[in-house]
Every structure is written in C-alpha cells, then in structure tokens.
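Here is the structure we will look at.
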There are 2 protein chains.
Amino acid sequence: MATIEELMNVDFSDASNEMFTPVGISNRHLHLNRADMDKLFGEGAELTNIKDLTQPGQYACKEMVTIVGPKGSLEKVRILGPLRKETQIELAQTDARKIGIKAPLRNSGDLEGTPGCILIGPKGYLVLEQGCIVARPHIHLHTTDGERLGIKDKEVVDVFFKTVKPTLMCGITARVHPQFAFDMHIDTDEANAMQVKDGDKGLIIKRG
Amino acid sequence: MATIEELMNVDFSDASNEMFTPVGISNRHLHLNRADMDKLFGEGAELTNIKDLTQPGQYACKEMVTIVGPKGSLEKVRILGPLRKETQIELAQTDARKIGIKAPLRNSGDLEGTPGCILIGPKGYLVLEQGCIVARPHIHLHTTDGERLGIKDKEVVDVFFKTVKPTLMCGITARVHPQFAFDMHIDTDEANAMQVKDGDKGLIIKRG
C-alpha cells in the first residue's frame, strides 16, 4: 500500500510503468432505446456515426437533443450509439444542478429509482420517468490488460492524477471484458476539478 | 505518512479528531477595486452587505455583474466585499471554459499575466486587461488553529474527503493568520466532482 509521499514521487514519464491508464473525458451525453429514438427523430430513424469512441462499437452521433429539467435546459446534448435497451442520460453534477435534476451517482445501466426529464428532438418530445444519472468514474480493461496488470472484473482500485492539482480518486471500479479497450472514463466535473486533459494518464494503485 | 487504506478507514464521525477542517464551497465571484466599482455601479457607489462570510470582514453583496468572454457570458455573478486594491474574477474551470477564458490556476492576488474579460454592470461596462483566475483550493486557519494543529503559514498539506466519491486533494496550501477563521475553500468544480456539500469536512493530513 503506497503512501501519499510515494504517490507524489511517481515518475509519470516512466514508459515502463504498466499501471498507467489512458483517460477519456465524457461530456454529458445520452443513450436512446428504439422507442425513444422513434419519438424524437421519427419512426425508424437511424443514428449517424460521426466518430468512433475508444470502446469498440461505440460512437458519437450527429444527432443531438435538448434535455429539460425543472430549473432549465441543456441544448445540443449528443447521443452516443448504438441504440440500447434503455434510455440513459449521463450528466455531470454541474449539469444536473443547473437544470434542477437530482441525478444520483450510479453505474451505467443501474437506473431504478433515478429521476426522469424531458427530451426534445427534431421530430418530437417525450417525458422520461427515469434515466438521469451522474456516472461513476470507472476503468475499462480488455481481458488481456486485466491479466497483464493483475486486475479482475469489478476489482476496486485507486487512481492518482499528477496534474497541477494532484488528486487521488479512491474506490474506482475496474471492468474487465474481451470487448473493452483500456480506458478510464471520468466526467467533465472531475476533469475540470483535477485539470486533467484528454491524453493525460492516471496511475492505477491496487489495494491490499 | 498515512497509507490509502488508513485514509479510507478514518472515522469521519470522530469528534475528538482535531484534523478535520470545515469546508466552504465558493461559487464563481469577483472582487472589485474602487475605480471599477465606479464604472460599473456609478461614481461613489457602495457595496451592500447581504451576508457575512466565514472569513472575518468578508461579505457577499447584493451587487452582481455580467462577465463576458470570447465564447459567452455568465450573468448575475456576485461581488464579494469589501472593495480591494485589485479587481479579481474567480471562476471554476467549467465557467472559464464556457465563456472561453483561459484562466490559470492561481492563488488569490497573483494576477500578473492572467487574462481579462468584459464586465457589465447596471451603470456601465469595462474591459479588464487581466484578473481572471481559477483559485487554488486552500485552507484558512486562525493563528490559534495553526498552533493547535501544528500547521505553519504556507505549509503544504493533503486533504481527504470521505464522500460517495472518496478523494484525496494533494498539495493544498494552509494560510495561517490572526484575522482568518478555520475554513477550507474549494470551488464548485471540486465540490461537484467530489460530491462535497456545504457542512462536510475534510481530513487534513500533514506531510513529513
């Protein structure tokens, strides 16, 4: 178990240290199911891939919507494809506060009891009963990365960022799967608070 | 020097532990000098105290302005009194990005080379050449607090927050002065990222 002093002294330019994770910063976004896609963009409308994301098969779409909460709205919020079983809105805490939605900190897909919102698309709007979350930061690892680093699926680790505002994020869950690419996902609040930029890396610290 | 495991096990309900600091969350705000107050609110205008802040002599004012940057504006930004020698705009990184101002991470008062902005008040506007910063998080301690906790002015410590997103902020400067009240100041990005709320506390960890 590392001490804080040891963390501060880690050489972040050491290319031989395998415990560094790439970092991706997620802006607010949403995932849609088929029925909600139909309501917002028209019956049978399809998503348009404009940029592949790090995770295989995932992509940013041309399509955007407006998210409305009790206190305001967020315009031009991007949809990530492909379509999913459940519509899910991922906000940073700053976004959620701005529009008055008490989005809880949740893992992706864990939507029971979460607040809803209104979504407005070019062909219609809909009132969601649930689906708004602040996504827990997490690390994706391919199975080979997990084996190489000795990290199991659902293992909890800590991650240190050595920016101008050095920060240790504690209790980050690793997810290991043959369809994942090695990447840690943080949101804009976390990136802005730690002054982490795209391309920065975090040091994974195993527990125990 | 504590290990991460020891941090996670600290009892945050232990009232006998003196190393807990109160935490105040600073929303974006600004301080004005006399000349800029005159331009924005009229010759000889005075600030109106609507709420005393934790630090003795400091207060939130009724007066607000609009801050304009190259990419947008922030309306109803509150002025903190009293007037100072230099006008200073304190933004969270999220705010600064939104309006396109590259505000550097600085200590209060360290304004050389910082970007400016446009301020709009009820009686006029002005173009600032400098003054926009993202304020470094810091801890204020009264001299008696410093003596009690063994913390000197300008000493660098680490602070642990045991929220739903446990986080260690590293390299926080303590400022000890007979006119200070014991309080750690973080901004809205840090509070939102860590899910720290007003009234929460941080654990100060001394180095060495």
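The values are calculated or read from the model by the stated rules, or taken from the named source; none is laboratory data. Just so you know, these numbers come straight off a predicted model, no measurement behind them. Cβ coordinates were reconstructed from backbone atoms using ideal geometry, including for glycine residues, and neighbour counts include every protein chain displayed. The area values use the complete protein model at the heavy-atom level, side chains included, leaving out ligands, DNA and RNA. Shrake-Rupley method; radii C 1.70, N 1.55, O 1.52, S 1.80 Å.
Computed values, structure above
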quantity: Compactness relative to 2.2 N^0.38 Å, alpha carbon Rg of the protein assembly as shown; calculated: 1.05
quantity: Counted charge near A:K162, where neighbours are those whose Cβ lies closer than 14 Å (Asp, Glu -1; Lys, Arg +1); calculated: -4
quantity: For the stretch B:94-141 and the stretch B:28-89, distance of Cα centres in Å; calculated: 12
quantity: Top positive-direction residue, dipole computed over chain B with Cβ charges, set B:G124, B:A96, B:N107; calculated: B:G124
quantity: MRE, 222 nm, helices only [DSSP H, n ≥ 4, -39500 (n - 2.57), over chain A, to nearest 500]; calculated: -4000 deg cm²/dmol
quantity: For the protein assembly as shown: accessible area per residue (Å², 1.4 Å); calculated: 47
quantity: Members of the stretch B:169-193 that become less accessible by 30 Å² or more once partner protein chains are added (1.4 angstrom probe, chain alone as reference); calculated: B:C170, B:D189, B:E190, B:N192, B:A193
quantity: Normalised alpha carbon radius of gyration of chain A [divisor 2.2 N^0.38 Å]; calculated: 1.09
quantity: D_trans [Stokes-Einstein, Kirkwood Rh over alpha-carbon pairs] for the stretch A:71-111, 10 °C, 1.306 mPa s, µm² s⁻¹; calculated: 137
quantity: Residue mean of other protein chain beta carbons inside 10 Å, A:3-10; calculated: 4
quantity: Solvent-accessible area buried by B and A, counting both chains, probe 1.4 angstrom, square angstrom; calculated: 2600
quantity: D (Stokes-Einstein, µm²/s), Kirkwood Cα radius, the stretch B:88-208, 1.002 mPa s at 20 °C; calculated: 135
